[in-house]
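Inspection log for the structure reproduced underneath, given as structure tokens.
Readers should treat all values here as calculations from the given coordinates under stated rules, not as data from a laboratory. This one's a predicted model, so the numbers in the text were calculated from it and none came from an experiment. Cβ: placed from backbone, ideal geometry, glycine included. Neighbour counts: every protein chain shown.
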Amino acid sequence: MSRNNIFIWALIVLSQPVFAQTSNVTGKIISHGETVPFANVILTGTQFGTSADVNGAFVLTNVPAGKYQLQTSAVGYIPARDSVSIREGEDVIIDFELKEDVLSLSQVVVSGSRNQIEQYNSPVIVSTIGTRTFEATQSLNIAEGLSFSPGLRVENNCQNCGFTQLRMNGLDGPYSQILINSRPVFSALAGVYGLEMLPSTMVDRVEVVRGGGSVLYGGNAIAGTVN
């Protein structure tokens, strides 16, 4: 073989693209023998992530070889994390067993800092009232459900018109800021009339911040904020 042919052959070999073999990570998420649908699964520190299907199964495709931390989370469950080592061309199967978050400490709240943050990392104490509380107490509206939150009292102040108001820190209803999706839809009189206008079936969660919050939510948030 002449030198020219060897040189051309070397250029052809070097110009061929080199593809690194990738792998897939599959698994299933369960809790107490039942599947957990639509849970989030991510490889921490990377851009790889997906969501489980209705049967709790997930698939991460085209993952390069290496060592990762695989984390899964779902609403109402404590997040779980496990280390995984991926080799080139070898698929990995890993399952997760999630535990229920009975105290709801891992849920995300927004009322404490106007940002999504875990409840245990919130700079102020944020109390939450979920749909379970409304169902257990058979509350038809928000005013009835707030009576079961610590530090709140819903009282009747008029025998003629029959309006109720929410007392926080001993102050009258107009001193409490009422928010819907972190926005002050009602005026200061919402603490008097607005709470009975909201049925409990249209509310997913109520967040309560006791204490002054005028810097975040305006001058009416003197006694507290109900989001």
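Ranking request for peptides 139-149, 64-74: highest mean number of other beta-carbon atoms within 10 Å first, then the rest in descending order. Spell out each step's value before the answer.
Numbers: 139-149: 18.7, 64-74: 17.0.
Per-residue Cβ counts within 10 Å, averaged per peptide and sorted highest first, yield 139-149, 64-74.
If R0 is 45 Å, what FRET efficiency do you get for Val215 and Glu97 from their C-beta distance, rounded to 0.05?
0.55
Cα gyration tensor of segment 37-133, axes a ≥ b ≥ c as square roots of the eigenvalues: rounded (a/c below 1.5), prolate (a/b > b/c) or oblate?
Prolate, because a/c is 1.5 or more and a/b exceeds b/c.
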